[in-house]
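The values are calculated or read from the model by the stated rules, or taken from the named source; none is laboratory data. A quick note: this is a predicted structure, and the numbers were derived from the prediction, not measured. When we count neighbours, we look across all protein chains shown, and the Cβ atoms used for this are built from the backbone with ideal geometry, even at glycine. Heads up: the accessible areas ignore ligands, DNA and RNA and are worked out on the full protein's heavy atoms, side chains in. Shrake-Rupley method; radii C 1.70, N 1.55, O 1.52, S 1.80 Å.
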Amino acid sequence: MTKNMKKIILIDDLADTGNSFNTALKMLEGKDVTTATLFKKDKSTYDPTCYAKNISSDYWLDFPWKSVIL
């Protein structure tokens, strides 16, 4: 799937525990990956390349797209 890709940008809305980023990056090992997120929680085990805001791990975020019923 990523065989011919030279650069990859991996985006998530939130770096909470960091598990999603860490898992995805293991799958993309050896690739040139830039990561981005809107929010990074203090307890996150992964530090994204760029993020809009660092927030407390105790803060709960409720994104409007999480409540959409399809």
Inset, instruction - Report relative contact order for the chain in percent, whole number only (criteria: Cα-Cα under 8 Å, sequence separation at least 6). - result: 30
Inset, instruction - Name the residue, out of ASP42, ASP13, ASP58, whose mean-square fluctuation peaks in a Gaussian network model built on the chain with Cα pairs under 10 Å. - result: ASP58
Inset, instruction - Read phi for every residue in the stretch 16-29 and hand back ³J(HN,Hα) as whole Hz from Karplus 6.51 cos²θ - 1.76 cosθ + 1.60, θ = phi - 60°, with x for Gly and Pro. - result: 8, 8, x, 4, 4, 5, 4, 5, 5, 5, 4, 6, 9, 3
Inset, instruction - Output ³J(HN,Hα) for the stretch 51-60: one whole-Hz value per residue in order, computed from phi by the Karplus curve 6.51 cos²θ - 1.76 cosθ + 1.60 with θ = phi - 60°, and x for Gly and Pro. - result: 8, 7, 8, 8, 10, 5, 5, 7, 7, 9
Inset, instruction - Would you please report the Å³ per residue occupied by the convex hull of the alpha carbon atoms in the chain? - result: 107
Inset, instruction - Among ILE9, THR45, PHE63, flag the residue with its Cα farthest along the positive direction of the charge dipole of the chain, charges on Cβ as +1 for Lys/Arg and -1 for Asp/Glu. - result: ILE9
Legend entry - Assigned charges on the beta-carbon of Lys, Arg, Asp, Glu; the chain dipole about Cα centre (debye): 320
Inset, instruction - Take SER44, SER67 and sort them by solvent-accessible surface of the protein heavy atoms, 1.4 Å probe, largest at the top. - result: SER67, SER44
Inset, instruction - For LYS41, list the aspartates and glutamates whose Cα falls under 17 Å from its own Cα; do not include residues on the same chain fewer than 8 positions away. - result: ASP12, ASP13, ASP16, ASP58, ASP62
Legend entry - Under 5 Å, built H, 5+ apart or other chain: amide partners of ALA15: PHE39, LYS40, LYS41
